[in-house]
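The values are calculated or read from the model by the stated rules, or taken from the named source; none is laboratory data. Remember, predicted model here, so these are calculated numbers, not experimental data. Every residue, glycine among them, receives a Cβ derived from its backbone with ideal geometry; neighbour counts consider all protein chains shown. For accessibility, only protein heavy atoms count, side chains too; no ligands or nucleic acids. Shrake-Rupley method; radii C 1.70, N 1.55, O 1.52, S 1.80 Å.
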Amino acid sequence: MNLKALHEKRAELVQKMNDLVAAADTENRAMNEEETKAFDQAEAEVKALDETIAREERARTLNMNNMAKQPDSAEERAAMEERAFADYVLGTVKEQRAGEQNLSMGNNGAIIPVTIANRIVKAVKERCPILKGCTMYTVKGTLKVPVWGKAGTHDIAVGYQNEFSAITADAGKFTSVDLGGYLAGALTLIGRSVENNAAFSVVDFVVNQMAEEIALFLEKELLHGTYGKVEGALSTSTTLTAASSTAITADELIELQSKIPQAYQTNACWTMNPATFVAIKKLKDTNGRYLLQDDLTGAFPYRLLGKPVYLSDNMPAIAASAKSVLYGDYTGLSCNMRENMQIQILREKYADLHATGVISWFEFDAKVTDHQKLAVLAMKSA
């Protein structure tokens, strides 16, 4: 019964009590036995209703308080999931029940804590700018990315026309790039001695270690790729060959930058090996000024020809036929992270090492989908 119905019932009982008293007063007499019994019964029901109404109102107040705390529930659930994951890694939980532990159990016994996986993915992007900058998809199965291109020598033509004269119909064509999924994994070991340290944060260790290993792997693949699997940014068809196999000139960097259309220059950046960076850092213009400029306000400490410079050990150093400099907008590379990241705990396998294994699985694929956005400087062959 809702509060409105309870209040209406109470009002009826109070009116009944008033009617009984009024009837006796009108006749200038005391209430008889039957009237007294009815009055006492109504009064008892009113008291019971008052107690019920009070409980209903307290319950509504508690519900309102819980609703006020609702914005924090996601954070609380995340904290519970992290604690449950840490307990599972440390082996302090004797029984695993997915609902109680906020963990999803896979058919192969894999633990898939969404909060931990999301933290790893976020940390990977922070460590791997090319992954953060590329066009990301999360599609299961094979993804077909449409790519616009000219149909031979024909393209959509715009020009002056005469009335009553037919316009020649020319059109470009759409092709597609298929993004599938290739299985990859990362494994890290946690020593049991470290686990027993009270100051040790299991979740932070797993997130940082996994992110570091996955970021290094993804950066290499998104730059170089692997034959028959992932295609990296260095496979772009927009290339410039240097005049030397051992040195890079300022004019070549300017020419490489000009290969990217103005429309894609806004978010463009340079990517190179630290050794290549040192060589370019020594280049000067005709006025004796260094091409590399300090940039204390940006995310990167240097700018080259107005664009940020990102250093990667995965980029080839200057050598014969090496693709030593990448320039452009990373969105020209498309990456599909097809499978949600899964984390599995391996206790017994590394027991002889006095360690616990934490393994992460994911599926991804990458290909260049817009060659206009990415350009490579290739050194001259020997």
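Annotations
- Among (1) among the small types (Gly, Ala, Ser); (2) touching a residue at least 40 places away in the same chain (Cβ under 8 Å); (3) surrounded by fewer than 16 Cβ atoms within 10 Å (Cβ to Cβ), the one test that Ser235 misses: (3)
- Residue in region 298-308 that is hydroxyl-bearing (Ser, Thr, Tyr), touching a Phe, Trp or Tyr at 6+ places or on another chain (Cβ under 9 Å) and open to solvent by 40 Å² or more (accessible area, probe 1.4 Å) present: yes
- Evaluation of Phe217 against (1) under 18 Å from Leu374 (Cα atoms); (2) outside any strand (DSSP E or B) (one fails), failing number: (1)
- Wholly within region 296-365, strands (runs of 3 or more DSSP E) carrying at least 3 residues that are touching a residue at least 60 places away in the same chain (Cβ under 8 Å): 323-328, 333-337, 342-346
- Of the residues making up region 177-214, those that are at pLDDT below 75 and among the β-branched types (Val, Ile, Thr) number 3.
- Selection count where residues are among the β-branched types (Val, Ile, Thr) and within 15 Å of Ala44 (Cα to Cα), scope region 5-27: 1
- Pairs are defined by a Cβ separation below 6 Å, a sequence spacing of at least 6 or placement on different chains, a first member in region 7-22 that is surrounded by 12 or more Cβ atoms within 10 Å (Cβ to Cβ), and a second member that is at pLDDT 85 or above and of a type outside the set (A, V, I, L, M); the pairs so defined are Leu13/Glu45; Met17/Phe39; Leu20/Glu35; Leu20/Phe39.
- The single condition among (1) under 28 Å from the mean Cα position of the chain (by Cα); (2) at pLDDT below 65; (3) of a type outside the set (Asp, Glu); (4) closer than 26 Å to Ile190 by Cα that Gln70 does not meet is (4).
- When the residues of region 220-232 are filtered to those that are in a loop (DSSP other than H, G, I, E, B) and touching a residue at least 60 places away in the same chain (Cβ under 8 Å), the one that is farthest from Pro129 (Cα to Cα) is Lys229.
- Answer residue from region 317-360, given it is open to solvent by 30 Å² or more (accessible area, probe 1.4 Å) and at pLDDT 85 or above and is farthest from the chain's Cα centre (by Cα) among those: Ala320
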